[in-house]
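Every number here is computed from the coordinates shown, using simple stated rules; none is lab data. Values in this document were obtained by computation on a predicted structure and should not be read as measured data. Methodologically, a virtual Cβ is constructed for each residue, glycine included, from the backbone with ideal geometry; neighbour enumeration extends over all protein chains shown.
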């Protein structure tokens, strides 16, 4: 009778580990960087803002967050990914836009090139209101790895 009890105990432990999500050492978390970028003016109330988190993968990054309009009628967040090579070449650019006063829009997307050796090194984020041809100061976020 001891063999079935041991088997049952082993099976219970295995199932519990799977349910509780005990991870192997190889399943380490990816580094993350928070961002908060304002529009053309002094504060987010006037020109809107975008905020969220960049999750850095080996060659790409996942960007999630929100873009807000504030008093402006449109706000466009511009995300540009750059390579880690000596020339820091631009790899990809994506935008997320929200319209209407005091509106917001949630986003989540992958940026970069999964075939790029060395991956992306930095992401430049700018918030623009193209209805008045105005952009805020660009902010660079660097891969901490």
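Values as computed for the structure displayed
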quantity: Pair-distance profile P(r), taking every C-alpha pair of region 42-145, with 5 angstrom steps and integer %; calculated: 3, 14, 24, 21, 16, 11, 7, 3, 0
quantity: Paramagnetic reach from residue 138 (point 7 Å along Cα→Cβ, amide N under 17 Å) across region 67-103; calculated: 76-96
quantity: Virtual spin-label span in nm between residue 93 and residue 145, 7 Å along Cα→Cβ; calculated: 2.6
